[in-house]
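Here the structure is laid out as structure tokens; the discussion comes afterwards.
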Amino acid sequence: MTGHLPIHLDEARARGWSELDVIFVSGDAYIDHPAFGVPLLARWLEAHGFRVGIISQPDWRSKEPFMALGRPRLFFAVSAGAMDSMVAHYTPARKLRHDDAYTPGNRHGARPNRATIIYTSRLKEAYRDVPVVIGGIEASLRRFAHYDYWENKVRRSILFDAKADLLIYGMGELPLQEVARRMAGGESLAQIRSVRGTCRVGLESEDGLLSGPSNSGTGGNVPIPSFDDVASDKKQFADAFLLAFREQNPFSARTVIQQHGDRLLVCNPPSLPLNQADMDRIYSLPFEKSPHPSYHEPIPAWDQIKNSVTSHRGCFGGCAFCAITMHQGKLIQSRSEASIIAEVDALARQSWFRGSISDIGGPTANMYGLACKHPEAMRLCRRGSCIFPAICAHLETADKRAVSLLQQVRNRQGVKHAAVSSGVRYDLMERQPGYFRELVGHHVGGLLKIAPEHLGEHVTALMRKPGRKPFERFLARFREESARLGKRQHIVPYLMSGHPGCSVADMLELALALKKLGMTVEQVQDFTPTPGTLSTCMYYTGVDPETGKAVHVPAGDREKGLQKALVLWHQPGERNKVLEALREVGREDAAVMLGVSNSMPGQPHTASRKAKKTR
């Protein structure tokens, strides 16, 4: 069936539905596009015979907006949206944002803080006896006891705080389908206890839950330090994080148990990856590829993705600060070339399409079609990254399939240009010469965005990023190839300040390295400790949980401001902070290297005049 899914009862009745089976509640506006999790899952359930509706951005101040589609036959499915609601609302400095790209008119305030908890509370108020299943990135990354940056404390699993009946984490198609199928068959949620990709509440009295792993190291359960322990002891927090972190391979993961008072969080192993046929089926579902017609204002997130095409899921990079490891996972799940080309052709037929595809990719574009070439090793692997600290010998890195895809896309009728803007791993591309030539020759729209994040070796090691030498090699190759082709193209590096292990001196060295490479940047991302990441564990505990070594944590606003200013040294508004940072690390001499005055406000300008004469 085509047309948008119903958002109120009149639209449901127009389809001949007197009631719905599953009702989704989302913190985002309803854009019927596979780039958004809730519409994708709703279409997936619809394709399996369920009657589905969506309540988007309901006013949480009363229960009535949550009753717009009536009582579902099976359950409510709740998501805060494409972003954690606290990340959506606050800057890294904990200042309130004034916009929201997932809301019509880009307006802030269409969803509450801790949206998953608030939405579930309102649903329980409206329909106390209807089960609520929570999911999405907010629930997924908060499934264990976690550090919350905005309250500066350890919070319980969101399953307990929301008082939901079940939590689905990661990519939700298979677990959500199984839960819906079994409930439709007459089972209650209390009977559905072992579905992969789900977390539930258990009791200490349940046999075997706290028995620990089997002697073979596979199967059984893995008890991790309790909520009370991790809330009072940072070492136990780090231990708990690492134990859970190592249970992300769906082929070898065990059930993770964490005690919360007299109850248990029971986190089943991750859902198995989708095969190519299922990936193709998902992206061929009858999405309208547009916002619901009830909206009359532009939605920035829609403008950003409407000309993009997703080629795959997953990322085996394992960056310490990235949510993908604990949410989407490292296993690459690729669509077939035929499926992607069919979507490109459909996009080219849209009346608003003007010939430019904004992105062909996934979390990391040049991982399309790649996989472990040793299935047995893959099933037992507990590495967080396939390419850090070195590329695994079992990883297939051939680029033939990705090159073929890009060539086909750019040669389709109606396509004038197809960009790759979802990011690439330049260290991996050293083994992909064909992809490099195709990318630089045809898929850069003047600027190529890549993410070294930093160039200091000990900082990038903590980030699980490749470091300075691979970046410099890629930059040189990119400039040489662009010159050979006669193209004026440039690299835009994404950089991060304030990451655990990074000092003011480290940011100065980064600024000097960029200056030497002839690069300036206009934006720097200040590290935000988001739940469920390795970097956040380091931020809270002050140690690298994998080595036990202490790391410097730039926790104060002053130091964070100095770090960020150093990389923005060329901006006049940052001059005073740059000079302050140089004085703090005893490197006033670097003012000449950066081309800024090394005199502080209110002091004689002798040093500046001397530097000018020297130049």
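The values are calculated or read from the model by the stated rules, or taken from the named source; none is laboratory data. Being a predicted model, the structure only gives us computed values, none of them experimental. Cβ placement follows ideal geometry from the backbone for every residue including glycine, while neighbour counts extend to all protein chains displayed.
How many residues are touching an Asp or Glu at 6+ places or on another chain (Cβ under 6 Å) and either charged (D, E, K, R) or in a loop (DSSP other than H, G, I, E, B) (or both) when one looks only at region 144-189? Spell out the reasoning first.
The initial filter retains those residues of region 144-189 that are touching an Asp or Glu at 6+ places or on another chain (Cβ under 6 Å), namely 155, 189.
Retained after the next criterion (residues that are either charged (D, E, K, R) or in a loop (DSSP other than H, G, I, E, B) (or both)): 155.
Residues in region 144-189 being touching an Asp or Glu at 6+ places or on another chain (Cβ under 6 Å) and either charged (D, E, K, R) or in a loop (DSSP other than H, G, I, E, B) (or both): 1 in total.
Scanning for something touching a strand residue (DSSP E or B) at 6+ places or on another chain (Cβ under 8 Å), at pLDDT below 95 and farther than 20 Å from ALA505 by Cα, does region 450-459 turn up at least one residue?
For region 450-459, residues touching a strand residue (DSSP E or B) at 6+ places or on another chain (Cβ under 8 Å), at pLDDT below 95 and farther than 20 Å from ALA505 by Cα: present.
Working carefully through the options GLN563, GLN523, find the one that is within 20 Å of LYS465 (Cα to Cα), of a type in the set (S, T, N, Q) and crowded, with 19+ Cβ neighbours inside 10 Å. Give the steps one after another, and end with the answer.
Numbers: GLN523 fails: crowded, with 19+ Cβ neighbours inside 10 Å.
One residue alone meets the criteria, GLN563.
Among the residues of region 397-418, what is the count of those that are within 23 Å of SER356 (Cβ to Cβ) and assigned to a helix (DSSP H, G or I)?
Let us first name the residues in region 397-418 that are within 23 Å of SER356 (Cβ to Cβ), namely 402-418.
Right, trim to assigned to a helix (DSSP H, G or I) and you get 402-410.
Of the residues in that region, 9 qualify.
Any idea which of ASN106, ASN152 is at pLDDT 95 or above and closer than 24 Å to PRO291 by Cβ? Steps first, answer last, please.
On the way: ASN152 fails: closer than 24 Å to PRO291 by Cβ.
None of the others qualify; the one that does is ASN106.
If you go through region 77-91 one residue at a time, do you hit one that is within 24 Å of GLU173 (Cα to Cα) and surrounded by fewer than 18 Cβ atoms within 10 Å (Cβ to Cβ)? Spell out how you get there, then give the answer.
The first filter runs over region 77-91 and keeps only residues within 24 Å of GLU173 (Cα to Cα), leaving 77-85.
Retained after the next criterion (residues that are surrounded by fewer than 18 Cβ atoms within 10 Å (Cβ to Cβ)): none.
Checked region 77-91: no residue is within 24 Å of GLU173 (Cα to Cα) and surrounded by fewer than 18 Cβ atoms within 10 Å (Cβ to Cβ).
If you scan region 47-66, which residues turn out to be over 24 Å from the mean Cα position of the chain (by Cα), surrounded by 18 or more Cβ atoms within 10 Å (Cβ to Cβ) and without any contact (Cβ under 8 Å) to a residue 60 or more places away in the chain?
Once the filter is applied, which keeps residues that are over 24 Å from the mean Cα position of the chain (by Cα), surrounded by 18 or more Cβ atoms within 10 Å (Cβ to Cβ) and without any contact (Cβ under 8 Å) to a residue 60 or more places away in the chain, region 47-66 yields ARG51, VAL52, GLY53.
Take region 12-32 and flag every residue that is surrounded by fewer than 19 Cβ atoms within 10 Å (Cβ to Cβ) and at negative phi.
The answer is ARG13, ALA14, ARG15, TRP17, SER18, GLU19.
If you check LEU439 against the conditions, is it assigned by TED's automatic domain parsing to the domain that holds ARG401, in contact (Cβ under 8 Å) with a residue 24 or more places away in the chain and surrounded by 20 or more Cβ atoms within 10 Å (Cβ to Cβ)?
Answer is yes for this residue.
Residue by residue through region 460-477, note down the ones that are within 21 Å of LEU512 (Cβ to Cβ) and either free of Cβ contacts under 8 Å to residues at least 60 places away in the same chain or of a type in the set (Ser, Thr, Tyr) (or both). Break it down stepwise before answering.
Here is the first cut: in region 460-477, the residues within 21 Å of LEU512 (Cβ to Cβ) are 460-463, 465-476.
Within region 460-477, THR460, GLY467, ARG468, LYS469, PRO470, PHE471, GLU472, ARG473, PHE474, LEU475, ALA476 meet the criteria.
Condition first: within 21 Å of the chain's Cα centre (by Cα) and among the aliphatic types (A, V, I, L, M). Can you find one or more residues in region 254-267 that meet it? Break it down stepwise before answering.
Residues of region 254-267 that are within 21 Å of the chain's Cα centre (by Cα), as a first pass: 267.
Checking which are among the aliphatic types (A, V, I, L, M) leaves us with none.
Checked region 254-267: no residue is within 21 Å of the chain's Cα centre (by Cα) and among the aliphatic types (A, V, I, L, M).
Check region 419-435 and report whether any residue there is in contact (Cβ under 8 Å) with a residue 40 or more places away in the chain, on the phi > 0 side of the Ramachandran plot and not in a helix (DSSP H, G or I). Break it down into steps so the answer makes sense when it comes.
Taking region 419-435 and keeping what is in contact (Cβ under 8 Å) with a residue 40 or more places away in the chain, we get 419-432, 435.
This time we only want the ones that are on the phi > 0 side of the Ramachandran plot, so: 423.
From what is left, the residues that are not in a helix (DSSP H, G or I) are 423.
Among the residues of region 419-435, at least one is in contact (Cβ under 8 Å) with a residue 40 or more places away in the chain, on the phi > 0 side of the Ramachandran plot and not in a helix (DSSP H, G or I), which makes the answer yes.
Can you tell which of VAL38, VAL87, VAL78 is aliphatic (A, V, I, L, M), over 23 Å from ARG182 (Cα atoms), within 30 Å of the chain's Cα centre (by Cα) and outside any loop (DSSP other than H, G, I, E, B)? Step through it out loud before you land on a result.
Details: VAL38 fails: over 23 Å from ARG182 (Cα atoms); VAL78 fails: over 23 Å from ARG182 (Cα atoms).
Only one candidate passes the filter, namely VAL87.
If you take the residues of region 341-396 that are among the polar types (S, T, N, Q) and closer than 19 Å to LYS465 by Cα, which of them is surrounded by the fewest Cβ atoms within 10 Å (Cβ to Cβ)?
First pass over region 341-396, keeping only residues among the polar types (S, T, N, Q): 350-351, 356, 358, 364, 366, 385.
Of the ones still in play, those that are also closer than 19 Å to LYS465 by Cα are 364, 366, 385.
Numbers: THR364: 23, ASN366: 26, SER385: 19.
The qualifying residue surrounded by the fewest Cβ atoms within 10 Å (Cβ to Cβ) is SER385.
Does at least one position in region 364-387 carry a residue that is within 24 Å of VAL409 (Cβ to Cβ), β-branched (Val, Ile, Thr) and outside the structural domain of ALA461 (by TED's automatic domain parsing)? Spell out the reasoning first.
Restricting attention to region 364-387, the residues satisfying the condition of being within 24 Å of VAL409 (Cβ to Cβ) are 364-371.
Right, trim to β-branched (Val, Ile, Thr) and you get 364.
Then keep just the ones that are outside the structural domain of ALA461 (by TED's automatic domain parsing); that gives 364.
Yes, some residue in region 364-387 is within 24 Å of VAL409 (Cβ to Cβ), β-branched (Val, Ile, Thr) and outside the structural domain of ALA461 (by TED's automatic domain parsing).
Which members of region 362-374 meet the condition of being closer than 13 Å to ARG401 by Cβ and either within 19 Å of the chain's Cα centre (by Cα) or in a helix (DSSP H, G or I) (or both)? Before the answer, list the steps.
Step one: list which residues in region 362-374 are closer than 13 Å to ARG401 by Cβ, which gives 365-371.
Those that are closer than 13 Å to ARG401 by Cβ and either within 19 Å of the chain's Cα centre (by Cα) or in a helix (DSSP H, G or I) (or both): ALA365, ASN366, MET367, TYR368.
Filter region 117-137 for residues that are surrounded by fewer than 22 Cβ atoms within 10 Å (Cβ to Cβ), among the aromatic types (Phe, Trp, Tyr) and closer than 12 Å to ALA77 by Cα and give the result.
The answer is none; no residue qualifies.
Could you pull out the residue among VAL459, VAL492 that is closer than 25 Å to MET593 by Cα, among the aliphatic types (A, V, I, L, M), within 23 Å of the chain's Cα centre (by Cα) and surrounded by fewer than 19 Cβ atoms within 10 Å (Cβ to Cβ)? Please lay out each step first, then the result.
On the way: VAL459 fails: surrounded by fewer than 19 Cβ atoms within 10 Å (Cβ to Cβ).
Criteria check complete, one pass: VAL492.
Filter region 342-361 down to the residues that are of a type in the set (D, E, K, R) and either within 27 Å of the chain's Cα centre (by Cα) or not assigned by TED's automatic domain parsing to the domain that holds ASN411 (or both), then identify the one that is farthest from HIS443 (Cα to Cα). Working first, answer last.
So in region 342-361, the residues of a type in the set (D, E, K, R) come out as 343, 345, 349, 354, 359.
Of the ones still in play, those that are also either within 27 Å of the chain's Cα centre (by Cα) or not assigned by TED's automatic domain parsing to the domain that holds ASN411 (or both) are 343, 359.
Numbers: GLU343: 18, ASP359: 9 Å.
Looking at the filtered set, the residue picked out is GLU343.
Could you list, in sequence order, the residues of region 381-400 that are within 21 Å of the chain's Cα centre (by Cα) and charged (D, E, K, R)?
Listed by number, the residues that qualify are ARG382, ARG383.
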